[in-house]
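Below is one structure, written out as structure tokens, with a few remarks after it.
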Amino acid sequence: MRRLLLVGMAAGLGLTACSDTHVKEISLTVAPNKTPCPESFGGLPRACLLVKPGAASASDVWQPFEDTILGFGHQSGHRYRLLVNATSYSSPIGDPFPTSYALKQVLEKTPDSTIAVPGQP
């Protein structure tokens, strides 16, 4: 039993050591309101952030962001510009794992009473 446990731990460590990690710094503009997520989790409805890439030009459209940004707490009625670390992982066999997002810095937080709509500028 103990031997099986040690072999399992060694295999797990080997997989972790062989995976590639890529960290990319991205900026996002976050809308002052959330929207229902396109896909529910376990049949339960969820609220998603609405984001635009970078500093967001007037022609960029709002897109639902289904992931969590670790360390970020959205406050309704405020538009944000965020600097975020997007970390992606690859398995030893080349399959990608989901990307994780972590707040690096709030670049701007501005009161905003507008309502953003997915797919609209």
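No value in this document is a laboratory result; all are computed from the given coordinates. Source: prediction; values computed, not measured. When we count neighbours, we look across all protein chains shown, and the Cβ atoms used for this are built from the backbone with ideal geometry, even at glycine.
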Item to check | Complete set of residues in segment 72-98 that are surrounded by 14 or more Cβ atoms within 10 Å (Cβ to Cβ) and either in contact with a Cys (Cβ under 8 Å, 6 or more places away or on another chain) or not aliphatic (A, V, I, L, M) (or both) | outcome: F72, H74, H78, R79, Y80, R81, N85, T87, S88, Y89, S90
Next on the checklist: Can you pull out every residue in segment 49-84 that is closer than 15 Å to Q120 by Cβ and within 12 Å of the chain's Cα centre (by Cα)?
Outcome noted: L50, V51, P64
Checklist entry - Between residues in segment 99-121 that are in contact (Cβ under 8 Å) with a residue 60 or more places away in the chain and under 16 Å from H78 (Cβ atoms) and residues that are of a type in the set (F, W, Y) and surrounded by 13 or more Cβ atoms within 10 Å (Cβ to Cβ), which pairs lie under 6 Å by C-beta distance while being six or more apart or on different chains? => result A116/W62
